[in-house]
Amino acid sequence: MKLNRTYLYVAISSIALFIVLIIQVNWIFRTAKIKEELFNEKANMVLSRTTDALRSDKETCKKIGACIEMDSTAESAVKLGKNEVHKIDSILTHYMRLYNFHIDYAFVVVKPGCLSAINEPASANAIYNKPLDDTDGKNEIELKLIFPEKKQYILAEMGTMFITSVMLILVVLVMFWRTILSLMKEKKISEHTTDFLNNMTHEFKTPLTNIALAGRMMVKDSTINQGDKIKHYSGIILEENEKLRLQVEQVLSMTALERGEIPFRKTELDFHDLINKSLKYISIQIENKKGNVKLNPDAGRFVVMGDKTHLTNALCNLVDNAIKYSKGKPELTIQTSNRGQNLVVVVSDKGIGIEKEYQKKVFDKFFRVPTGDVHDVKGFGLGLAYIKKIIELHDGTIELQSEKGKGTTFTITLPNV
């Protein structure tokens, strides 16, 4: 229910953000439209004031009229004299400055019915025209004002606002996405932590119960004077106490490793010898399960620079996992080889395997693979996270290959000395 509620909040937040973004984009387009309307108003005002000024100048009107009579073509702009061009340009410049309108422009005087008078690279909405009514009492012509860089001008006018809006939209999207990822990550960590605490409570409860039971039996048993009874109960207490110690040490070691509080004492190590000693430490578990370990030390160079204790613990954890997750008698193979300047150690088993969907998660802290009908596997979900951390601190890598029901293979690569 809580998970569904979280997804509901995420969905509502996403929809709300999407609506806000639509409003923001719409506002940008509306602002651009307002800027264009303001541009059009200024252009029309400049053109209107210019044509009014030209109409009031009788001498200029006569000269323009003379140019019309001399130019017999009806499909091109009227060829004005230099004085007339200068006169029109000076009036346009004056009103452009008056209206604080700073943009490059061009103009032409066009006869009625002109089809190809304009050669400027401007769109239709960047051309403004106004009739110069009856300049000499005989003809009707138009003054066309052209702005080739109209679009660039409008974008420049709203540039700061536009860029700021786009940047804010991108920042909001990135932050929202990061927040969602953080929320989902925190939720997963919370779930894993809850599982870890449940496992830890169970793991601690069993040894403590056995210790308490053995203690009560020593107190109540009337035949406690017999040496074998004392030895039996004392052995139970010591064994369960050792289990508790190892469990606490595993949790504390992982925490200390992440904080960098455990010093590494790296020395040159014979890795083949390290494997043999690790197998001796865990031989009791192998014998109890009547398992078999096949060792193939094929590496020609097997000396590495590393911390003996932590590498031994890492190998023991791998073998321990192979034993715990094997049905029936465990069958393990440990093989070494060389690849370039590296030592490759392959630990494989024929256990229950790991489903593909969980293979990327097995090295995560507190994560435990669901084991189906295997319910007696104990642990905190720290073993493989610890192993990966140790291997990485030795400048190595660890890879996993597994198939459900057929077994699992871990490949460790470490640099040779």
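Each value in this text was obtained by applying a stated rule to the coordinates, not by laboratory testing. Given the structure is predicted, the values throughout are model-derived calculations rather than measurements. Reconstructed Cβ throughout: ideal geometry from the backbone, glycine too, with neighbour counts over all protein chains shown.
A compact table of results
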| item | result |
| --- | --- |
| Per-residue HN-Hα couplings for the range 20-29 [Karplus 6.51, -1.76, 1.60; θ = phi - 60°; Hz; x = Gly/Pro] | 4, 5, 4, 4, 5, 5, 4, 5, 5, 5 |
| The range 266-415 - Rg (one decimal) and Dmax (whole number), Cα, Å | 14.7, 44 |
| Exposure proxy order (Cβ contacts within 10 Å, fewest to most) of 175, 217 | 175, 217 |
| For the range 382-417 and the range 340-362, distance of Cα centres in Å | 7 |
| 12 Å beta-carbon shell around residue 99, net charge (K/R +1, D/E -1) | +2 |
| For peptides 407-414, 177-184, 99-106, sequence by mean Cβ density within 10 Å, most packed first | 407-414, 99-106, 177-184 |
| Ranked 9, 358, 95, criterion: other C-beta atoms within 10 Å, fewest first | 9, 358, 95 |
